[in-house]
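Structure record follows, encoded as structure tokens.
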Amino acid sequence: MDDQVVRSVPALELNRYLGLWFEQGRLPLRYEDDEARDVTAEYTLAEDGTVTVDNRCLDKDGKPQRVVGEAVPDEEHPGRLRVSFLPEKLRWLPFTRADYWVLRVDADYRHALVGTPDHRYLWLLAREPRIDPAVAEDFLRTARDQGFDLEPWITTPQSGTVVEA
């Protein structure tokens with residue numbers, strides 16, 4: 001299953017993608033608590049053309065967590081970004097950015113599926129705290145069709161609150 005090719009969207013209107021997203025679910029991440037809740041990601045365009053990525057959540061103990069990174073759009077592939085959460089002074093180092101590919105986004109930019117080409121990471125995002133289960137299943141079908149193993153999928157609890165960190 002893992003030998004299937006991951007495909008990003010052929011076009012992404014970055015200005016429409018910017019803003020606040022509520023994480024609906026994810027594959028486990030080594031740097032994020034499996035029990036994290038109220039996970040959000042907010043994308044804003046910086047003056048230099050990079051995208052500021054502001055991720056927030058409550059950890060398993062209910063403590064606010066925040067990490068801010070920077071994404072650089074891939075000019076040759078509009079649906080792909082390269083993201084770094086290293087301290088700003090280290091982001092110039094080569095090979096410190098990770099793939100962040102938008103695999104699917106709906107016409108209204110209300111729901112998005114994001115993953116990595118190695119099938120290790122996957123996120124389902126929505127503009128609202130809760131997603132229609134039929135919409136979620138439809139987007140996750142896209143992930144399965146691209147070879148993602150969803151057996152370890154974590155559904156993110158959302159209260160509708162954006163964590164202040």
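In sequence order, the range 121-136 has phi-based couplings of 10, 7, 9, 10, 10, 8, 6, 10, x, 10, 10, 4, x, 5, 5, 4 Hz under the Karplus curve 6.51 cos²θ - 1.76 cosθ + 1.60, θ = phi - 60°, and Gly or Pro positions carry x.
Sites listed here are chymotrypsin sites (Phe, Trp or Tyr not before Pro) in the range 108-165 whose DSSP assignment is loop and whose Cβ has at most 10 other Cβ atoms within 10 Å, and the list is empty. Listed values for the range 33-38 are Karplus-derived 3J(HN,Hα) couplings in whole Hz (6.51 cos²θ - 1.76 cosθ + 1.60, θ = phi - 60°), namely 4, 4, 9, 4, 9, 6, and x replaces Gly and Pro.
Using a/c under 1.5 as the rounded threshold, could you call the range 1-74 rounded, prolate or oblate? The axes a ≥ b ≥ c are square roots of the C-alpha gyration tensor eigenvalues, and prolate needs a/b larger than b/c, oblate otherwise. The shape class here is oblate. The ellipsoid that matches the Cα gyration tensor of the range 14-155 has semi-axes, each √(5λ) in whole angstrom, of 22, 18, 15, with the longest given first. The trypsin sites (Lys or Arg not before Pro) of the range 35-65 that DSSP puts in a loop, and whose beta carbon has at most 13 other beta carbons within 10 Å, are Lys60. A simple rule links phi to the HN-Hα coupling: the Karplus curve 6.51 cos²θ - 1.76 cosθ + 1.60 with θ = phi - 60°, which for the range 142-158 gives 4, 5, 4, 4, 9, x, 7, 8, 9, 4, x, 3, 10, 8, 7, x, 10 Hz, with x for Gly and Pro. Put a plus charge on the Cβ of each Lys and Arg, a minus charge on the Cβ of each Asp and Glu, and nothing anywhere else: the dipole of the chain about its Cα centre is then about 140 debye.
Tell me, what is the percent relative contact order of the range 14-155, built from C-alpha pairs under 8 Å that lie six or more residues apart? The normalised contact order for the range 14-155 reaches 24 percent.
With r as the distance between the Cβ atoms of Arg82 and Ser159 and R0 = 35 Å, compute the FRET efficiency 1/(1 + (r/R0)^6) and round to 0.05. According to the calculation, E is roughly 0.65. For the residues Val53, Val67, Val102, a GNM of the chain with alpha-carbon springs under 10 Å puts the largest fluctuation on Val67. Given R₀ = 35 Å, what would the calculated FRET efficiency be for Arg7 paired with Asp48, taking r from the Cβ atoms and rounding to 0.05? Calculated value: 0.75. Under the combined filter of DSSP loop state and at most 11 neighbouring Cβ atoms within 10 Å, the range 1-61 retains these GluC sites (Glu not before Pro): Glu13, Glu47.
Laboratory data are not the source of any read-out in this text; all were calculated from the coordinates shown. Computed from a predicted model, the values in this text were never measured in an experiment. Positions of Cβ are backbone-derived with ideal geometry, glycine not excepted, and every protein chain shown enters the neighbour counts.
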